[in-house]
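Structure record follows, encoded as structure tokens.
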Amino acid sequence: MPDFGFSIKTARTENLDKVSLEKYRELLRKVPSFKRCFQCGCCSATCSAQQYTNFNIRKVHTSFRRGEYNLLSEELKKCMLCGKCTLLCPRGVNLRSLIMNMRQLLEEPVK
Amino acid sequence: MKIQVIPYNIFVIPFLVGVALLLVICLYKYIRWIGKFNKQQRDTIKKNWFSWKIFSAVWEMFREGLLHVKIFKKNFLLGVMHQAYALGWFLLIVVGFAESTLTMKYLQQENSVERVYQLENQGDWYVKEKGEGVIDELTLGNEEVSKINYKRPFYVSIFYRYFVHDVPSSFRNAHLFSNVMDGLLLYVFLGLTMAIIKIMYSRILGMRRTTRHTIVDRFSKFALWSIFPLRLLAESVTACLYGNGGFFTQTIGNLFDPMIVRGMEHSLWMFYSVMLSVFFVTLPFTRYMHIFTELFLIYFRKIGVKESNEKSGYTMFELNACSRCGVCIQGCPLDKELGNHKVQSVYLVRSIRNQERPGKIKMIADDCLMCDRCSVDCPVGIDLNAIRRIVRNKGTLDTKGNYSYVHENKYSFNAIGRIAYFGGCMSHLTPGITESMEKIFEAAGQKYWYMDKQRSVCCGRPLQQQGFLNQAAELREKNSDMIEKSGAVMLVTSCPICYRSFKTEYNLSIPVLHHTEYIDMLLKQDKIKVRKDDKKVSYHDPCELGRGCGIYEEPRSVLKRVTNLQKTRYQKDKSVCCGFNLGNTVLTVEQQTKICNASLKNLTSKPVDTVVTACPMCKKAFIRATNEYPVRDIAEVVAENLIN
Ligand code: SF4
Ligand code: SF4
Ligand code: SF4
Ligand code: SF4
């Protein structure tokens, strides 16, 4: 069964005071279409990399949105930039640009 | 006594300084660039620098540097303009040189002291005893002149009419020469007039839009443009005073009053010389650097030097060979459909050459569909997308992918002797194509191995296009490994993006075919039988298949057998990108759709029943954009019309 990222999560707490959304805001500036994402998961469902591993692009960009940047950089390297997700996204999110910009931002030191 | 006779006037100084600076600067630049060639390019040069290819290089230099055949083919009037400048000026120099050489030879033969007196009276010739200083008329008269030796510095031919007012009557060709020179000057004027028209009404010359030039370029252009009118004026005034002009300059000269223009002659020649000098000195820093650089580029390209993934000396030659002619602007869908006039190749090339802000260069390089339209159109043949790739190179971001997962899932399928079929990621979103291909394989009785049926590995081209070169290579390695080990005898792919990658970036030992080629082959070998329906269809040339790999005829030949193929206005290498080319990551879906609509409009300008393409990406793009027309892939059309 492919993991579409819809599985029930265990309860958890997040300390919002500690979350830095600086990178997320920068990402929105660079890829404004990301604002439109409504988390449907179509991108993950079609993803070429997802067919092999538990790489889940929706999870990745949702984590980024929440300011959880740990491990994302390595995870994003699994993407082959094939563009299926971009073509399928019902909200017209430019996912390939999103992925490249996430990688770029994760590379940069936190301001 | 042996004497030497030398033409000289102060106005040759600016010209000489200009030429000297031009030479020094160009030499400095060329040597520096050649020094920056990378190892591989250097090896190519070492291996091939002297081979038979030099002949074809020289021929191409003549054809492209002077005749401008490629521009002629694209746009006749523009070709006339460029040719008039290049060929006209070149011939002015060559014929002028011949004229001055021959005349001086006659003067030499005449060997008359009277002639020397006459020249010296003109005030611009110096008579000098061999090895000694200048001698004047009086001393010359006293001694027997045993030998007269005419010196001919190379600038004589540039200012010929000023120095030679009168030629020996035995030199019969004098008149012919002056008429030919006037004709050539007129020819250059034709180009000049067209260039002025182009600035004001570019559409007359078939240009939708012309290049926006920088101040420096405009200044240099002003100098260039003033050279020829000044030459005409100067020669006409001289013709007025001494009657040595041809049909054009003499006619104009006759309009002047000798009393009035006498005082202007020298200044006009001076002006002419200064403008030449200004043009020469600015040349290496403006677009006119293309004049010489293009010749070098042609040579290097002919002997097999190629662009690499990093900026190298060869890149500098490519960048400087761009004449900023603006041909690449005409077809660019971003310019035409989206009104984005900043990112065309001409501006990319210029901004790199002028070392503008890296952010700006990156912005220009990223916002491009990589549709190859400009590369095909560019008359200089600059490898524009290679230059884009160099800028897009991701550097440190592109260390290593995380693709270890691909190997874990390698098939243990035995494909020996079969055809390997690679649908490609995008074909998985258009299953109609892959199902049709399976049908066709079966109808032909061909055993095949559907490589990526359940799980697809990307071919690597999307990464390659975005500058993740190492990661792309990693994927290529995995795919190559899988294909080579499978024992398949041929690779057929349905996606032109993958096709181009397999064809040009991989190094496979088996033949690679796009499905249009494969179907065409089956039809020609009678392995499958089809009926012909009478639906009218138009065919869209996918960028990567057409311009990318030159596959134009196979799909057409297939379609002609199964259906009724219509021509469209922009087709083959002029086809309009569907807008969804993976080369671009900057455009929004709305912008892409706008380009897609333009592409579709071209395909449906004549009444058609179906729009046909050969790329899953284009198919998906068109399907999104239209409800009016059914959109099919060539494989689907053929599969529908199979007769078992
Ligand atoms: S497909 Fe588009 S809208 Fe849906 S989760 Fe992915 S990015 Fe968001
Ligand atoms: S581009 Fe990356 S994330 Fe999108 S479908 Fe392809 S592999 Fe998955
Ligand atoms: S890139 Fe080619 S087509 Fe474009 S301006 Fe330069 S020479 Fe002309
Ligand atoms: S490749 Fe296509 S989109 Fe890019 S500059 Fe050239 S014509 Fe324009």
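The values are calculated or read from the model by the stated rules, or taken from the named source; none is laboratory data. All of these numbers come straight from a predicted model, not from anything done at the bench. Glycine also receives a Cβ, built like all others from the backbone with ideal geometry; neighbour counts cover every protein chain displayed. Areas reflect the complete protein model, heavy atoms only, side chains present, ligands, DNA and RNA absent. Shrake-Rupley method; radii C 1.70, N 1.55, O 1.52, S 1.80 Å.
Scan the stretch B:534-544 and give yes if some residue there is of a type outside the set (K, R) and open to solvent by 30 Å² or more (accessible area, probe 1.4 Å), otherwise no.
Quick first cut of the stretch B:534-544, residues of a type outside the set (K, R) only: B:534, B:537-544.
Next, only the ones that are open to solvent by 30 Å² or more (accessible area, probe 1.4 Å) stay: B:534.
Checking the stretch B:534-544: at least one residue is of a type outside the set (K, R) and open to solvent by 30 Å² or more (accessible area, probe 1.4 Å).
Somewhere in the stretch B:552-573, is a residue of a type in the set (S, T, Y), touching a residue at least 24 places away in the same chain (Cβ under 8 Å) and farther than 24 Å from B:E438 by Cα?
Yes, the stretch B:552-573 contains a residue that is of a type in the set (S, T, Y), touching a residue at least 24 places away in the same chain (Cβ under 8 Å) and farther than 24 Å from B:E438 by Cα.
Here's a check for you: in the stretch B:479-507, which residue that is touching a Phe, Trp or Tyr at 6+ places or on another chain (Cβ under 9 Å) and either within 16 Å of ligand 4 (Cβ to nearest atom) or in a loop (DSSP other than H, G, I, E, B) (or both) is modelled with the lowest pLDDT?
Residue satisfying both the conditions and the ranking: B:A488.
Scan the stretch B:308-341 for residues that are within 14 Å of ligand 3 (Cβ to nearest atom) and charged (D, E, K, R) and jot them down.
Matches in the stretch B:308-341: B:E318, B:R324, B:D335.
Considering only helices (runs of 4 or more DSSP H) fully contained in the stretch B:97-211, which possess at least 3 residues that are within 30 Å of B:R287 (Cβ to Cβ)? Explain how you work it out, then say what you get.
Values: elements: B:113-121, B:137-142, B:160-163, B:174-200.
In the stretch B:97-211, B:174-200 are the helices (runs of 4 or more DSSP H) which contain 3 or more residues that are within 30 Å of B:R287 (Cβ to Cβ).
Go over the candidates A:L98, A:L81, A:L87, A:L71 one by one and state the one that is open to solvent by less than 40 Å² (accessible area, probe 1.4 Å), more than 7 Å from chain B (Cβ to nearest Cβ) and aliphatic (A, V, I, L, M). Give the derivation first.
Working: A:L81 fails: more than 7 Å from chain B (Cβ to nearest Cβ); A:L87 fails: more than 7 Å from chain B (Cβ to nearest Cβ); A:L71 fails: open to solvent by less than 40 Å² (accessible area, probe 1.4 Å).
Testing whether each residue is open to solvent by less than 40 Å² (accessible area, probe 1.4 Å), more than 7 Å from chain B (Cβ to nearest Cβ) and aliphatic (A, V, I, L, M) leaves just A:L98.
For a quick check of your reading: which helices (runs of 4 or more DSSP H) sit entirely within the stretch B:367-478 and have at least 2 residues that are more than 10 Å from chain A (Cβ to nearest Cβ) and under 41 Å from the mean Cα position of the chain (by Cα)? Walk me through how you get there before you give the answer.
Values: elements: B:373-377, B:384-392, B:404-408, B:431-443, B:461-465.
The qualifying helices (runs of 4 or more DSSP H) are B:373-377, B:384-392, B:431-443.
Checking B:Q471 against (1) closer than 16 Å to B:P496 by Cα; (2) open to solvent by less than 10 Å² (accessible area, probe 1.4 Å); (3) polar (S, T, N, Q), only one condition comes out false. Which one?
Every condition holds for B:Q471 apart from (1).
Kindly indicate whether any position in the stretch B:560-569 is of a type in the set (A, V, I, L, M, F, W, C) and within 14 Å of chain A (Cβ to nearest Cβ). Walk me through how you get there before you give the answer.
Going through the stretch B:560-569, the residues of a type in the set (A, V, I, L, M, F, W, C) turn out to be B:562, B:565.
Going one step further and asking which of them are within 14 Å of chain A (Cβ to nearest Cβ), we end up with none.
Scanning the stretch B:560-569 turns up no residue that is of a type in the set (A, V, I, L, M, F, W, C) and within 14 Å of chain A (Cβ to nearest Cβ).
Check B:V180, B:V237 and return the single one that is open to solvent by less than 40 Å² (accessible area, probe 1.4 Å) and more than 30 Å from B:C328 (Cβ to Cβ).
On the way: B:V180 fails: open to solvent by less than 40 Å² (accessible area, probe 1.4 Å).
Criteria check complete, one pass: B:V237.
Given the conditions (1) within 14 Å of chain A (Cβ to nearest Cβ); (2) at pLDDT 90 or above; (3) part of a helix (DSSP H, G or I), report the number of the one that B:M521 does not fulfil.
Failed condition: (1).
Return the only residue of A:V93, A:V60 being in contact (Cβ under 8 Å) with a residue 60 or more places away in the chain and more than 16 Å from ligand 4 (Cβ to nearest atom). Walk me through how you get there before you give the answer.
Values: A:V60 fails: in contact (Cβ under 8 Å) with a residue 60 or more places away in the chain.
Selected residue: A:V93, the only one of A:V93, A:V60 that is in contact (Cβ under 8 Å) with a residue 60 or more places away in the chain and more than 16 Å from ligand 4 (Cβ to nearest atom).
So if I check each of B:R373, B:R389, B:R418, which one is open to solvent by 40 Å² or more (accessible area, probe 1.4 Å), under 28 Å from B:V343 (Cα atoms), away from ligand 1 (no atom under 16 Å from the Cβ) and in contact (Cβ under 8 Å) with a residue 24 or more places away in the chain?
Numbers: B:R373 fails: open to solvent by 40 Å² or more (accessible area, probe 1.4 Å); B:R418 fails: under 28 Å from B:V343 (Cα atoms).
None of the other options fit; the residue is B:R389.
Taking into account only those residues within the stretch B:552-579 that are in a loop (DSSP other than H, G, I, E, B) and open to solvent by 10 Å² or more (accessible area, probe 1.4 Å), which is farthest from ligand 4 (Cβ to nearest atom)? Steps first, answer last, please.
Taking the stretch B:552-579 and keeping what is in a loop (DSSP other than H, G, I, E, B), we get B:552, B:563, B:567-571, B:575-579.
Add one more test, that the residue is open to solvent by 10 Å² or more (accessible area, probe 1.4 Å), and what stays is B:552, B:567-571, B:576.
Numbers: B:Y552: 18, B:K567: 22, B:T568: 18, B:R569: 17, B:Y570: 13, B:Q571: 16, B:V576: 10 Å.
Here the answer is B:K567.
Kindly indicate which of B:L587, B:L582, B:L603 is touching a Ser or Thr at 6+ places or on another chain (Cβ under 6 Å), hydrophobic (A, V, I, L, M, F, W, C) and assigned by TED's automatic domain parsing to the domain that holds B:E544. Show your work before the answer.
On the way: B:L587 fails: touching a Ser or Thr at 6+ places or on another chain (Cβ under 6 Å); B:L582 fails: touching a Ser or Thr at 6+ places or on another chain (Cβ under 6 Å).
Result: B:L603 is the single residue among B:L587, B:L582, B:L603 that is touching a Ser or Thr at 6+ places or on another chain (Cβ under 6 Å), hydrophobic (A, V, I, L, M, F, W, C) and assigned by TED's automatic domain parsing to the domain that holds B:E544.
Assess whether B:R500 counts as being of a type outside the set (G, A, S), in contact with a helix residue (DSSP H, G or I) (Cβ under 8 Å, 6 or more places away or on another chain) and in contact (Cβ under 8 Å) with a residue 40 or more places away in the chain. Walk me through how you get there before you give the answer.
Working: of a type outside the set (G, A, S): yes; in contact with a helix residue (DSSP H, G or I) (Cβ under 8 Å, 6 or more places away or on another chain): yes; in contact (Cβ under 8 Å) with a residue 40 or more places away in the chain: yes.
So B:R500 passes the test.
Only one residue in B:G381, B:G401, B:G395 is open to solvent by 10 Å² or more (accessible area, probe 1.4 Å), of a type in the set (G, A, S) and within 16 Å of ligand 3 (Cβ to nearest atom). Which one?
Working: B:G401 fails: within 16 Å of ligand 3 (Cβ to nearest atom); B:G395 fails: within 16 Å of ligand 3 (Cβ to nearest atom).
Answer to the check: B:G381.
So A:T53 passes all but one of these: (1) polar (S, T, N, Q); (2) away from ligand 1 (no atom under 14 Å from the Cβ); (3) part of a helix (DSSP H, G or I). Which condition number does it fail?
Failing condition for A:T53: (3).
Can you say whether B:F171 is modelled with pLDDT of 80 or more and either surrounded by 13 or more Cβ atoms within 10 Å (Cβ to Cβ) or assigned by TED's automatic domain parsing to the domain that holds B:E235 (or both), as far as the supplied structure shows?
Details: modelled with pLDDT of 80 or more: no; either surrounded by 13 or more Cβ atoms within 10 Å (Cβ to Cβ) or assigned by TED's automatic domain parsing to the domain that holds B:E235 (or both): yes.
In short, no.
Given the criterion surrounded by fewer than 23 Cβ atoms within 10 Å (Cβ to Cβ) and more than 25 Å from A:C89 (Cα to Cα), identify the matching residue among B:M451, B:M482. Break it down stepwise before answering.
Details: B:M451 fails: surrounded by fewer than 23 Cβ atoms within 10 Å (Cβ to Cβ).
Only one candidate passes the filter, namely B:M482.
Restricting to the stretch B:588-627, and then to whatever is assigned to a loop (DSSP other than H, G, I, E, B) and surrounded by 24 or more Cβ atoms within 10 Å (Cβ to Cβ), can you tell me which residue is farthest from the other protein chains (Cβ to nearest Cβ)?
B:A614
Any idea which residue in the stretch A:70-111 is farthest from B:G467 (Cα to Cα), counting only those that are among the β-branched types (V, I, T) and within 10 Å of ligand 2 (Cβ to nearest atom)?
Just the residues of the stretch A:70-111 that are among the β-branched types (V, I, T), to begin with: A:86, A:93, A:99, A:110.
Narrowing further to those that are within 10 Å of ligand 2 (Cβ to nearest atom): A:86, A:99.
On the way: A:T86: 18, A:I99: 14 Å.
The qualifying residue farthest from B:G467 (Cα to Cα) is A:T86.
For residues that are open to solvent by less than 10 Å² (accessible area, probe 1.4 Å) and away from chain B (no Cβ under 14 Å), tally how many sit in the stretch A:30-68.
Number of matching residues: 4.
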